[in-house]
Structure formats: C-alpha cells, structure tokens
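Structure record follows, encoded as structure tokens.
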C-alpha cells in the first residue's frame, strides 16, 4: 500500500511539473511565432545542470545516443526520480527534447533526452527509416540504462514524449511497467495520422496508392536505386502554404530550431524514407 501511495504521489507531481514546463517554455504546437515568449529558446542551457553525452545498447544491440542531465545540487549518494524525453517524429534530441530535459533537470529530476533509433546519433540504416517498434524500444532501452545506473530510482522512472514521441512513449509504456508515468507534449498519433490524414481527409483510394508507391520503391532501393523521402517539413513558404506548414517551417527551417546531425543534410531533416513510412499504417 505504501508503495502505491508513493507511486501515485510521484505521478501527480510528475504531471504537475510537466504541465508547468509546457506552459513556461512555449514548446507546444499551439504557439505560433507571433505569440512566442521572448525566452522560448530551443537551445537553452542552464548553469544549474550538468550534461553528459551517453551511448547505450537497445535490446537489439543497436547504439542509442542520449544526453544525460543532472542537477548540480543533486545528492549523488541517493537515487532520484528520472525522466526520459523523446523528440518529435523526424527530429533529433537537440530539437525540443533537450529543452524539456534541461528544464526538468532544473526542477530536480535526473533526465535524459534520446535519439530514436535511425535518427540523430543513434544507430540504424538506412537513416530516417520508420520503425515504430524500435522507436518504442528506445524508451525501454533508456529505462535499462537509467535503472542500472547510479542516479535513478527504478520505481520512479517516467517519460515525456513530444509530438510523435508521445505515441511512441505510450506504446512503450503499454508493455513496459517500469515506466511509471507518461506525459505527452502536443502528442501526434503517427499511426492514425498516416492512415487517416489531417482531419480524416485521406480516402481509401489515396491510402492504397501511398502503400502501392512505397512497395514499388522497395524494388528500386533493393536494386541499388536512390532512396526517396516523404512528408516532413516544407523547405519554402508560399502564398498557398497552410498554417501547419508555416508553423513547422518557423521551427525546423529557421535558426530557432534548425539542427543538422553530423553526417546528415538539412534537406533530409524531418523527412522519413518513403518505402518505410507505411510502417505507420500498422501502428
């Protein structure tokens, strides 16, 4: 009974603090450029927090890259509540996830932002491939790392999933009871989004065509042809650009949030591979 009471208390505290961070950092998709607070700095760094670059294996022996944040005034002789932060679909940990990890570390949590498999500094070929199961596995692998380390309390490990990672964090928590709490930021259900389109605008015929095009592209790539990419953030704004395209452009294509991992190209940022993106149809 005592353990349950403590767990419930932790969950309430986690959700309350996460909501406060959401409101204070302007990280949600509801905030447009004109409404953005002056302190909405995606690349914010804190003198109250120390950061360590870490790498660990997932269950499939792939390297996962993370940034571990520790409050400088933390008692390192004790175990602490910990939070794993996942980035938006198509982004990397430096885009949004680091910001939330730093802010939560300032509030006393041990936090770690992670690159999902196939993205950023984590393993996975081809780059930008869609693999929902391995995205969820990234959260469980992060629990493995934190739960066997010196700083995290195994009974107090939670996750924050931003945008697409909101759905991956929930997917992980469904089968990993070690994740005691989940908070989502502008959660995007990547399965429903790809099956139905925005506002359920995708017709059955269009869905079938998307699947057929992706299947044909597999032949091309199997025979050594060029990889094709899809969706993601537009690279220019025109008079016809819709509000969502403008909002994503305002972050991913400007100094506000633009970040290109080593070995990648700005032209590929946020764009998954065409032949793998249909994996979301089953998610």
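Things worth noting here:
- Verdict on residue 113 being touching a residue at least 60 places away in the same chain (Cβ under 8 Å), surrounded by 24 or more Cβ atoms within 10 Å (Cβ to Cβ) and in contact with a strand residue (DSSP E or B) (Cβ under 7 Å, 6 or more places away or on another chain): no
- Some residue of segment 148-164 being within 20 Å of residue 57 (Cα to Cα), in a loop (DSSP other than H, G, I, E, B) and in contact with a strand residue (DSSP E or B) (Cβ under 6 Å, 6 or more places away or on another chain): yes
- Counted as qualifying within segment 166-270 are the helices (runs of 4 or more DSSP H) with 1 or more residues that are more than 30 Å from residue 99 (Cα to Cα), namely 190-196, 204-222.
- Any hit, segment 163-172, residues being closer than 18 Å to residue 71 by Cα and surrounded by 20 or more Cβ atoms within 10 Å (Cβ to Cβ): no
- Residue in segment 89-107 that is assigned to a helix (DSSP H, G or I), at pLDDT below 95 and buried (at least 21 other Cβ atoms within 10 Å of the Cβ) present: no
- The condition (being closer than 30 Å to residue 230 by Cα, outside any loop (DSSP other than H, G, I, E, B) and more than 13 Å from the chain's Cα centre (by Cα)) is satisfied by just one residue among 113, 140: 140.
The values are calculated or read from the model by the stated rules, or taken from the named source; none is laboratory data. Bear in mind the structure is a predicted one, so any value in this text is a computation, not a measurement. Quick reminder, even Gly has a Cβ in these numbers, built from the backbone with ideal geometry, and neighbours come from all protein chains shown.
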